[in-house]
Number of protein chains: 4
Amino acid sequence: MTQDEKTSRRQDCIFQAVIEALSEYEYYQLTIEDIAARAGVGKSTIYRWWKHKSELVLDTFRAHTASIFDLDLAKTLEDNLIQQLTRLAQALNHPVGRALLVVMANHRELAGNFFHDFLLPRREQMHALLQQSIERGEIRSDYPFDLMLDTLYGPIHYKIIFFNRMPDDAYIRALVSLVLQPVRMQASH
Amino acid sequence: MTQDEKTSRRQDCIFQAVIEALSEYEYYQLTIEDIAARAGVGKSTIYRWWKHKSELVLDTFRAHTASIFDLDLAKTLEDNLIQQLTRLAQALNHPVGRALLVVMANHRELAGNFFHDFLLPRREQMHALLQQSIERGEIRSDYPFDLMLDTLYGPIHYKIIFFNRMPDDAYIRALVSLVLQPVRMQASH
Amino acid sequence: MTQDEKTSRRQDCIFQAVIEALSEYEYYQLTIEDIAARAGVGKSTIYRWWKHKSELVLDTFRAHTASIFDLDLAKTLEDNLIQQLTRLAQALNHPVGRALLVVMANHRELAGNFFHDFLLPRREQMHALLQQSIERGEIRSDYPFDLMLDTLYGPIHYKIIFFNRMPDDAYIRALVSLVLQPVRMQASH
Amino acid sequence: MTQDEKTSRRQDCIFQAVIEALSEYEYYQLTIEDIAARAGVGKSTIYRWWKHKSELVLDTFRAHTASIFDLDLAKTLEDNLIQQLTRLAQALNHPVGRALLVVMANHRELAGNFFHDFLLPRREQMHALLQQSIERGEIRSDYPFDLMLDTLYGPIHYKIIFFNRMPDDAYIRALVSLVLQPVRMQASH
DNA sequence: TCATAATCGAGACGGTACGTCCCGTCTTCCT
DNA sequence: AGGAAGACGGGACGTACCGTCTCGATTATGA
């Protein structure tokens, strides 16, 4: 086994420890020492890779949600949106996602980084999907799509943070339906 | 001066200290000891009234934003919405509002309380306004208004937390316009 | 009980913890955390009074050996010297004394302070005693007394540090006798 | 170059690194990692030969002071003593010597070993010299010479450790003179 | 001349103690 | 009598080294 593989496995081990810990208590109770103990590594190993607890949690989230946001271009726009938002809601409602929200709120500069590295690509995927739908003639081409995406993503985060409740399937379907209504081709007839 | 007045002044003094401190650094750097020193009170005085730093920040936000959310029933629905969301964005973008967002993310149970005490009343005001607009025949009556409000409030919070940027006037106007579009009476023609 | 008394008692408690710990293991194994645990105080309480472990040990030594070096002017010079050196040897051979020697070796600047605050006064007492003996006509007045004191104190420390052995009574008596020999009045006959 | 030569050179390199490091800061700040870096060797190479930092310092002192304590039997006893004590004082006052004193204070068992390997042979050389002086009729034969050597060696160490000052030439001459006074042949006339 | 083995630098690792910071409680002493 | 001032026990922080260990690059040797 090479050095890189070992390092990678150890990091996975640490991510697992974070997930395990966050399943038992909240982010603000999370300590590096507990993570190290659960992962069976020394504190210094953790500090070697991550400057702060917040960065570790952020990477844990990344590792935990890797590639769950892939679109399926064969499906309809609506199905893709529903699937995307459902997965987002699930990811954010998971203990690691909750912790991520705390980190984002606490560290504005990390929020910026995370936004660029993680959220923006998702939006761009979605833009590509919208572009395809436009080309297929399913939706209007003259529409403030960025704003539209905010009205989809915003309420999901809003519900989880402020209502402390995960949006259920019905909510998401209703939301997508409501937001897509004015943009459909037939809506302009 | 009565005892109550003294108490009230001391509390105002503490709120001011919190605001002042949050103007200089972020919530996660805020300490009770610094607040006490700035307010010229003992730590125990603060702990007498608030169990945790988070509750103090929450009350500070309440005091800081008291009565800025009153509706003006004489204005149009759109103007009211724009004014409401603008004020919300300003309040949340202010250091105390930023701190509030952090507290909400950190303490889910407080988020629940705050939602019931503060956000729900605002929504109910807004519902009343919608009801008035329906009666005036300005907007449709068959519409998922709760969901609609989420698509208004959600993006505001979303922009501030994740984009780390306060929505400007143009954004808010565009948002309100977009969301109100399908609900206007003439939209169904 | 006043604040000062309480502080004093707590400090005694900490000194006792240091003595207890040093009776079980060597100075280099001594940790602040263990001292705090034994004394039933928080680490911060110890750091409030002493900057470093070395200063704490130094003060512990001071407290432990307070007023054991008083001279008895009624006794003869030889008896006083023997008593003084015996007590010194006992103090240095005690675990706390051993620790002191380590601190002195490690921290040269502390050695200087300690020398001025503790050892110099002892020498001055001894000088007074010598002066009295001169006046009584027991010893010569023309003699390098400072050097003489070095040949008394030096070997005691030397034996303990390098031979790792406490000078016994016979050794001390022989040393005093040897050193006093040329300074006695009858020696000049 | 044979393997042994390389090993030897590497060890010299490490000794030099220790001396260099101790010239810049005190023993308690010395780290194996810094030594390894200065010597351009891996940490494991050091640990292969020395169990602890203290043993390395001890060997460095040995290497650094090798054969500076040879007596010159042609010279007088007094000159030999002065030369010996001057060299001792210089060796102990050198950074490496200071470090040795710290090691001796810290590790009592090492002090014992070092005493047997290094100090005792010096004393035995000195005893031989004394024996020669007795045979030459320069000094008395009935005298506690062991004790006498303590009154010579002791003050040197004492001055350096506790007064934090190297005994100068005048001091050493005065000391030797004082101690030799009663043992000279003419002293008994 | 080249593969093959041994050696050693480099430094990651699990640990431990450090000294700091701030928590929330509790006591003292001044106004 | 009530509150500021701040000492206190506690506990997590992030750092510095310890002594062990693994990995590769660099030799040194035997085929």
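The values are calculated or read from the model by the stated rules, or taken from the named source; none is laboratory data. Fair warning: this is a prediction, and the values are worked out from it, not measured in the lab. Backbone-built Cβ (ideal geometry, glycine too); neighbour counts: all protein chains shown. Areas reflect the complete protein model, heavy atoms only, side chains present, ligands, DNA and RNA absent. Shrake-Rupley method; radii C 1.70, N 1.55, O 1.52, S 1.80 Å.
Residues satisfying the criterion are absent from segment A:17-31 (criterion: farther than 17 Å from A:P95 by Cα, within 14 Å of another protein chain (Cβ to nearest Cβ) and either in contact with a helix residue (DSSP H, G or I) (Cβ under 6 Å, 6 or more places away or on another chain) or not basic (K, R) (or both)). On inspection, B:T31 fails the criterion of being more than 16 Å from DNA strand E (Cβ to nearest atom) and over 22 Å from B:F118 (Cβ atoms). Scanning segment B:16-50 for residues that are among the small types (G, A, S), loosely packed, with under 13 Cβ neighbours inside 10 Å and assigned to a helix (DSSP H, G or I) returns B:S23, B:S44. Just so you know, in segment C:40-73 the residues that are more than 13 Å from DNA strand E (Cβ to nearest atom) and more than 29 Å from D:E109 (Cβ to Cβ) include one that is modelled with the highest pLDDT, and it is C:G40.
Considering each residue of segment D:98-106 in turn, none proves to be surrounded by fewer than 18 Cβ atoms within 10 Å (Cβ to Cβ) and either among the hydrophobic types (A, V, I, L, M, F, W, C) or under 22 Å from D:P155 (Cα atoms) (or both). Exactly one residue out of C:D70, C:D79, C:D4, C:D59 is more than 30 Å from D:G97 (Cα to Cα), away from chain D (no Cβ under 14 Å) and within 16 Å of DNA strand F (Cβ to nearest atom), and it is C:D4. Within segment D:143-163, identify whether any single residue is of a type in the set (S, T, Y) and farther than 25 Å from D:R184 by Cα, and answer yes or no. Scanning segment D:143-163, I find at least one residue that is of a type in the set (S, T, Y) and farther than 25 Å from D:R184 by Cα, so the answer is yes. Check whether at least one residue in segment D:103-116 is outside the structural domain of D:V18 (by TED's automatic domain parsing), within 16 Å of DNA strand E (Cβ to nearest atom) and under 25 Å from C:Q29 (Cβ atoms), and report yes or no. Checked against the condition, which is being outside the structural domain of D:V18 (by TED's automatic domain parsing), within 16 Å of DNA strand E (Cβ to nearest atom) and under 25 Å from C:Q29 (Cβ atoms), segment D:103-116 yields at least one hit. Inside segment D:132-177, can you point out the residues that are acidic (D, E) and free of Cβ contacts under 8 Å to residues at least 60 places away in the same chain? Result: D:E135, D:D142, D:D146, D:D150, D:D168. The set of residues in segment D:114-156 that are away from every other protein chain (no Cβ under 11 Å), open to solvent by 20 Å² or more (accessible area, probe 1.4 Å) and part of a helix (DSSP H, G or I) comprises D:D117, D:P121, D:R122, D:E124, D:Q125, D:H127, D:A128, D:Q131, D:Q132, D:I134, D:E135.
Condition check: assigned by TED's automatic domain parsing to the domain that holds D:D168 and touching a residue at least 40 places away in the same chain (Cβ under 8 Å). Does D:A89 satisfy that? Yes: the conditions hold for D:A89. Take C:L88 and decide whether it is within 11 Å of chain D (Cβ to nearest Cβ) and part of a helix (DSSP H, G or I). Taking the combined requirement at face value, the residue does not satisfy it.
If the requirement is being more than 23 Å from A:V179 (Cα to Cα), among the aliphatic types (A, V, I, L, M) and open to solvent by 20 Å² or more (accessible area, probe 1.4 Å), which of these qualifies: B:L92, B:L73? Answer to the check: B:L73. The number of residues in segment C:51-70 that are part of a loop (DSSP other than H, G, I, E, B) and buried (at least 18 other Cβ atoms within 10 Å of the Cβ) comes to 1.
Selection of segment D:160-172 for residues being open to solvent by 20 Å² or more (accessible area, probe 1.4 Å), more than 7 Å from chain C (Cβ to nearest Cβ), under 19 Å from C:F145 (Cβ atoms) and not acidic (D, E) yields D:R165, D:A170, D:Y171. Reported count of residues in segment B:37-74, each being among the acidic types (D, E) and closer than 13 Å to B:Q11 by Cβ, is 2.
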